[in-house]
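**Student:** One structure coming up, written as structure tokens, with questions to follow.
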Amino acid sequence: MPALYALLVGIDRYRRVATPLAGCRNDVTAAAEFLRHRVDPGTEPVIRQLCDEEATRAAVIDGFRSHLCRAGRGDTALFWFSGHGSYAPVWPSVWHLEPSGELQTLLCVDSRHDGVPDLYDKEIAVLTDEVAASGAHVVLVLDSCHSGGANRFGVATRAVPRVEEPPPLESLLPELVTREADGTVSGVYAGRAEHVALAACRHDEQAVETLHYSDRARGVFSAALLTVAGRLGSGATYRELLTAARCEVENLVGHQVPQLFPVAGTLADQPFLGGRVRTVGASMTMRFVRGYWELDAGTCHGLPGTDPDGALRVAQRGVLPVREARVTRVLTERSLVSPVGWQPDRERQYPVVVSSVPLPPTTVAIEDTDRAAAARLVAALERAGPGGGPSPHLRVVDPAAGPPPELRVVDPAAGPPPELRVVLPVPDRIRICGDDGVPLAGDLVGAGAELVERAARALEHIARWRQVRALANPLSGLAGGVTLELVPTRPGDGVVPLHRPGLPAGGDGAVRLRYRYVDGRWWPPTAFVRIHNGTDRRLYCALLDLTEGYRIHPDLFPGGFVAPGGTAAALDGRPIRFSLPAGRPATPGGRTRDWLKLLVAEEAFAARPFQMPPLHEPWPADSRAPTALLGVLDRLGRQLVHRDAVPDTPAAYDWTASTLPVLTEVPAAEDPPRPRVRPDDRTRPGPLPARVDGRG
């Protein structure tokens, strides 16, 4: 019987040098629960946990050699680290192994104490390859700062100051170096890249802790990874998992981009944990047992652990009128529910789907340097909702809730930091920033009530856009069934080819497109967008484009049924131009981002309610016109983008949502321009009926 060996290391309390953390033990506890409840019944999870004082450098190394090395061919070995990370200069003799000039490190509990060094990335390569030598499938999950290079072979933030000198080789694993006959060092182990790693951030970024997922601190990346793994189930590859996790992280943290290694090759496209994660069936089941109505799904399946507003609901599938049950408590492997407005038969079991998901308001802190203006803005938000009530999309919090996450230690008693910050730098000027203090748009300039109202509208607009980007069904039988691909164009292409491979996502989960330098000017890239239904049933799909200018539109694929095993194309199969926003010249280094959000359901729904104009532009006159509501996605569209009262869902059907980030960039000045060859007229970028133009 195949086995899964897991070494889970979580360190909150270090002996010295490192700021205490709050979520690392919680991370590995949650990972252990996930493995115990979600691995395939034919797989035996063998878990060793090392937390705080147990997690010495010697114990972690021994965990690789005495525990993970037990994994053989057909088994899976998982190393999970949640704790502090750092970096150090590379040895001059092996500069060629590290283009950044630095080594990444993991801090064990006794690192930098009594001469004990960090655990270096090159040592992790040695240990990982020892495990892989037996033929086991090896996986690393690294939730620490600078972790994007910690497996390289060749918010509280989880970082400590760098080591100023390269570590003495004699203090590290002896297997790390090769020596000549006279004992002189001839090289450093570069590794064989026989494993896959999921890292919390790039090597120059910091990993953040959060209170978003529960009332206990968690690493943003760890929590996101387990959430999407539970949601996507056994069919998800590492690349798909990283893309989904990155979207989760993006919705909470401004500057933390999870990474996947290796990007090329076949490892990234294998199923998570070697395909040993068990998926939930096509529907969940509600039943009466032990005196309560319960659901056969919990946090280890991807359901959110907390829902203070009671918005998480399930409904009996395919029954009219809708019969819902409110989720009252989410446990590890099951949840307690309470029927709403009906009395189910205690002798029956009911197949159910998610009919309502929590849409938590975005928190905003308003700087009170201009107290009068701040008070007017708070008052405007208090009357921005339906019937003149508070905005349903925003919640004003104390600006003293703490500095940006990358500068603070998570204190569960203090609550999470605000997601948006409003700064009043000078009179008659308002600036809206993210949680990291970076402006999200140009300053608003004006005077009096008119400026305050514009600021309130802009805050609501941004909050709604963020909620659409974060929209996900926490548990769906359709998850992973429909895929979205960007297909490269070639000279002579008139319509999208059916079988040409799509563009792979990079290590950060985003697909990259680059401008071309032709005939003395920069031309925007073009690509086809293809939607493939890999299930055995007809499904309704719609594609939303969310732009950096906070615009949402369904112009590329407004909606339609895709046959079982069938493929559909955006823009009727024509190439789509991806360009910088109108008015922004294409200069080297310029870039813009889009998030292509695919909505999939068993029945038809309207994508139109999700539409939003670019920030600061007026809404269309018919934006609040009545829309036929067919199910949960229609209702969510009205709740997310409009303030109108929304009737109950008249039908309950399964649905899912996925997001593909797209980065369009102009090559930097130091990149050599492409040869100045005139493109074929059929592929020369030109006016297209629809385009991705960065207007949002």
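The values are calculated or read from the model by the stated rules, or taken from the named source; none is laboratory data. Predicted model, so just to flag it, every value in this text is computed and none were measured. So basically every Cβ, Gly included, is an ideal-geometry build from the backbone, and we count neighbours across all protein chains shown.
**Student:** How many of the residues in segment 10-51 are assigned to a loop (DSSP other than H, G, I, E, B), among the aliphatic types (A, V, I, L, M) and crowded, with 18+ Cβ neighbours inside 10 Å?
**Tutor:** 4
**Student:** Additional query: For a quick check of your reading of the model, give me the residue pairs whose first member lies in segment 12-28 and is outside the structural domain of Gly219 (by TED's automatic domain parsing), whose second is modelled with pLDDT under 85, with beta-carbon atoms closer than 9 Å and at least 6 apart or on different chains.
**Tutor:** none
**Student:** Here's something else I'd like to know. Which of the residues spanning segment 510-521 are part of a strand (DSSP E or B) and either closer than 15 Å to Thr592 by Cα or touching a Ser or Thr at 6+ places or on another chain (Cβ under 6 Å) (or both)?
**Tutor:** Val511, Arg512, Leu513, Arg514 - these are the residues of segment 510-521 that are part of a strand (DSSP E or B) and either closer than 15 Å to Thr592 by Cα or touching a Ser or Thr at 6+ places or on another chain (Cβ under 6 Å) (or both).
**Student:** Can you tell me which residue among Ala449, Ala479, Ala455, Ala472 is surrounded by fewer than 22 Cβ atoms within 10 Å (Cβ to Cβ), out of contact with any Pro (no Cβ under 9 Å at 6 or more places or on another chain) and small (Gly, Ala, Ser)?
**Tutor:** Ala449
**Student:** Suppose the filter is modelled with pLDDT of 90 or more, in the same structural domain as Arg521 (by TED's automatic domain parsing), over 22 Å from Arg500 (Cα atoms) and not acidic (Asp, Glu); does Ile552 pass it?
**Tutor:** Here the answer is yes, as Ile552 does meet what is asked.
**Student:** Evaluate the following for Val496: is it touching a Leu at 6+ places or on another chain (Cβ under 8 Å), assigned by TED's automatic domain parsing to the domain that holds His553 and crowded, with 21+ Cβ neighbours inside 10 Å?
**Tutor:** So Val496 fails the test.
**Student:** Taking the condition of being at pLDDT 60 or above and surrounded by 13 or more Cβ atoms within 10 Å (Cβ to Cβ), how many residues in segment 176-192 meet it?
**Tutor:** The number of residues fulfilling the criteria is 8.
**Student:** Given Glu453, Glu460, Glu485, which one is within 25 Å of Pro564 (Cα to Cα), not aliphatic (A, V, I, L, M) and not in a loop (DSSP other than H, G, I, E, B)?
**Tutor:** So the residue among Glu453, Glu460, Glu485 that is within 25 Å of Pro564 (Cα to Cα), not aliphatic (A, V, I, L, M) and not in a loop (DSSP other than H, G, I, E, B) is Glu485.
**Student:** Has segment 438-449 got at least one residue that is at pLDDT below 90, acidic (Asp, Glu) and assigned to a loop (DSSP other than H, G, I, E, B)?
**Tutor:** So far as segment 438-449 goes, no, none of its residues is at pLDDT below 90, acidic (Asp, Glu) and assigned to a loop (DSSP other than H, G, I, E, B).
**Student:** Out of (1) at pLDDT below 90; (2) more than 27 Å from Leu303 (Cβ to Cβ), the odd one out for Pro474 is which?
**Tutor:** The single condition Pro474 does not satisfy is (2).
**Student:** Oh, and also: Only one of these is in contact with a Phe, Trp or Tyr (Cβ under 8 Å, 6 or more places away or on another chain) and in a loop (DSSP other than H, G, I, E, B): Gly507, Gly502, Gly477. Name it.
**Tutor:** Gly507
**Student:** Say whether the condition of being modelled with pLDDT of 80 or more and assigned to a strand (DSSP E or B) is met by at least one residue in segment 244-251.
**Tutor:** no
**Student:** Next question. Every residue in segment 330-375 that is part of a strand (DSSP E or B) and touching a helix residue (DSSP H, G or I) at 6+ places or on another chain (Cβ under 7 Å), please.
**Tutor:** Scanning segment 330-375 gives Val330, Ser355, Ser356, Thr362, Val364, Ala365, Ile366.
**Student:** Could you go through segment 615-627 and let me know if any residue there is at pLDDT 90 or above and closer than 29 Å to Val314 by Cβ.
**Tutor:** The answer is no; no qualifying residue exists.
**Student:** Of all residues in segment 81-118 being assigned to a strand (DSSP E or B), surrounded by fewer than 24 Cβ atoms within 10 Å (Cβ to Cβ) and out of contact with any Pro (no Cβ under 8 Å at 6 or more places or on another chain), which is modelled with the highest pLDDT?
**Tutor:** Val116
**Student:** For Arg512, all conditions in the list (1) modelled with pLDDT of 95 or more; (2) buried (at least 19 other Cβ atoms within 10 Å of the Cβ); (3) closer than 24 Å to Arg469 by Cα hold save one; what is the number of the exception?
**Tutor:** Condition (2) is where Arg512 drops out.
**Student:** Scan segment 534-541 and give yes if some residue there is hydroxyl-bearing (Ser, Thr, Tyr), touching a Gly at 6+ places or on another chain (Cβ under 9 Å) and outside any loop (DSSP other than H, G, I, E, B), otherwise no.
**Tutor:** Yes: one or more hits.
**Student:** Select from segment 261-306 the residues that are among the charged types (D, E, K, R) and more than 24 Å from the chain's Cα centre (by Cα) and write down the one among them that is modelled with the lowest pLDDT.
**Tutor:** Top of the filtered list is Arg290.
**Student:** Then there's this: Any chance you could count how many residues in segment 121-161 are modelled with pLDDT of 90 or more and closer than 19 Å to Cys51 by Cα?
**Tutor:** Selection size over segment 121-161: 6.
**Student:** Same structure, new question: Which of (1) outside any loop (DSSP other than H, G, I, E, B); (2) modelled with pLDDT under 90; (3) within 24 Å of Val518 (Cβ to Cβ) does Thr664 not meet, given it meets every other one?
**Tutor:** (2)
**Student:** From Val39, Val46, Val17, grab the single residue that is within 26 Å of the chain's Cα centre (by Cα) and either under 21 Å from Thr332 (Cβ atoms) or modelled with pLDDT under 95 (or both).
**Tutor:** Val39
**Student:** For segment 536-553, name all the residues that are surrounded by fewer than 19 Cβ atoms within 10 Å (Cβ to Cβ) and touching a strand residue (DSSP E or B) at 6+ places or on another chain (Cβ under 7 Å).
**Tutor:** Arg538
**Student:** I've got another one for you. Applying the selection to segment 230-243, what residues are part of a helix (DSSP H, G or I), in contact with a helix residue (DSSP H, G or I) (Cβ under 8 Å, 6 or more places away or on another chain), of a type outside the set (Lys, Arg) and modelled with pLDDT under 90?
**Tutor:** Once the filter is applied, which keeps residues that are part of a helix (DSSP H, G or I), in contact with a helix residue (DSSP H, G or I) (Cβ under 8 Å, 6 or more places away or on another chain), of a type outside the set (Lys, Arg) and modelled with pLDDT under 90, segment 230-243 yields Gly230, Leu232, Ser234.
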